[in-house]
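Chemist: Here you go, one structure.
The values are calculated or read from the model by the stated rules, or taken from the named source; none is laboratory data. Because the structure is predicted, anything quoted here is derived from the model rather than measured. Here the Cβ positions follow ideal geometry from the backbone for every residue, glycine too, while neighbour counts run over all protein chains shown. These accessible areas exclude ligands, DNA and RNA; they are computed on the full protein's heavy atoms, side chains included. Shrake-Rupley method; radii C 1.70, N 1.55, O 1.52, S 1.80 Å.
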Amino acid sequence: MTVTPLTWLYAPGDRPQVVAKALHSGADVVLVDLEDAVAPERKAYARAATAELLADPSPGPVPVHVRVNALDGPLAEDDVRALAPLPGLAALRLPKVTSPADIARVAGWSAGAAPLYALLESALGVERAYEIATCHRAVRGIALGEADLRADLGVPEGDGGLAYARGRAVLAARAAGLAPPPQSVYPDIRDLAGLAASCAEGKAAGFLGRAAVHPRQLAVIERAYRPTAREVERAEQVVRAAETGAGALALPDGRFVDPAVVAGARRTLRLAARGRGGCLLYPSPT
């Protein structure tokens, strides 16, 4: 089984003091960013600072993932080769993945030393979502990079234009046996009501958790993705019914319960009981 986080907090790799704060922010995972958050002239420093952090087998209380530079650029290979062997690295996050060949290249650079998460940020990446999710045993998850995807598709702000891409990512991840993908970041750090509403839509669409760009977003995401009291109550009813019978069952309120419904109810209860740092929900890919 593998830990499924609800909150993933980005921190710029060239600002070690911000990374240090992020590690104690309450996020389930800290994403040290070497790509978009770092100016070109500070890329080398960001890599060196991140390598220094990850030389410690326990760099903080939560796992540290690193988003490397674009795979089609000159920096990604050096990022991967420098960071993949380090004991404090939990995973690499790969921007702008468009094909299984991208995953194979990174797996070669890392000698299979690091779990990989693929960001799908183009129409081509979304179309190949299932191929990417299943192409290598090192792949632990996929997610959308919605800002770049909007630019590639020419889609304005608003959710309608990305509905297909979001559904495709959720289906591909689950078909591949991976955890549901987290939502992409909500860029307005002041609009917490908008963030909560967006998380509710993401949860209904099959996402699990969300990336954040500021610690103030974490509690909103956590609250949105934890099961409600009503969801917990309904899940408990299903599990109790399953313990008293086998096969398909009908609850007193008329709901039909089969093994798939029972499995979902048990996931809900585990998620409700999760402590800080995640909950064991989904099997690791083999």
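Chemist: Testing the spin-label approximation: label points 7 Å from Cα along Cα→Cβ at S58 and E157. State their distance in nm.
Modeler: According to this spin-label approximation, the distance is 4.4 nm.
Chemist: Dipole of the chain, Cα-centred, from +1 at each Lys and Arg C-beta and -1 at each Asp and Glu C-beta, to the nearest 20 debye?
Modeler: 780
Chemist: How many percent of the accessible area of the chain is carbon or sulfur, using a 1.4 Å probe? Before the final figure, lay out the partial values.
Modeler: Values: 7310 of 12970 Å².
Answer for the chain: carbon and sulfur cover 56 percent of the accessible area.
Chemist: Calculate the FRET efficiency for A260 and E233 from the Cβ-Cβ distance with a Förster distance of 22 Å, rounded to the nearest 0.05.
Modeler: Here the calculated transfer efficiency is 0.65.
Chemist: Here is a further query. Would you list which lysines come within 25 Å of K21, measuring only between C-alpha atoms, while excluding same-chain residues fewer than 8 positions from it?
Modeler: K43
Chemist: Something else: Work out, step by step, the length gained on full extension between A39 and D78: first 0.36 nm times the residue separation, then minus their alpha carbon distance; give nm to one decimal.
Modeler: Details: separation 39, 0.36 × 39 = 14.04 nm, distance 1.68 nm.
Taking A39 through D78 to full extension adds about 12.4 nm, to one decimal.
Chemist: To continue, here is another question. With the contact rule set at Cα under 8 Å and sequence spacing of 6 or more, what percent relative contact order holds for the range 7-225?
Modeler: 17
Chemist: Still on this structure, I have one more. For A193 and Q17 in the same chain, what is the full-extension length gain: residue separation times 0.36 nm, less their Cα-Cα distance, in nm?
Modeler: This chain segment gains 60.5 nm when fully extended.
Chemist: Express the accessible area of the chain per residue in Å², computed with a 1.4 Å probe while the remaining protein chains stay in the model. It would help to have the intermediate numbers written out before the result.
Modeler: Numbers: 12970 Å² over 286 residues.
Dividing the accessible area of the chain by its residue count gives 45 Å².
Chemist: Separation between the A48 and A175 pseudo-spin-labels, each 7 Å from Cα along Cα→Cβ, expressed in nm?
Modeler: According to this spin-label approximation, the distance is 4.6 nm.
Chemist: Could I have the simple spin-label model distance between Y130 and D253, label points 7 Å from Cα toward Cβ, reported in nm to one decimal?
Modeler: The modelled label-to-label distance comes out at 3.4 nm.
Chemist: Hey, another quick one. Can you give me the Kirkwood hydrodynamic radius for the chain, using every pair of distinct Cα atoms, in Å to one decimal?
Modeler: 19.6
Chemist: If N is the number of residues in the range 87-178, what value comes out of its Cα radius of gyration divided by 2.2 N^0.38 Å?
Modeler: Computed over Cα atoms of the range 87-178, the ratio equals 1.08.
Chemist: How high is the relative contact order of the range 8-113, given as a whole-number percent (alpha carbon pairs under 8 Å, six or more residues apart)?
Modeler: 24
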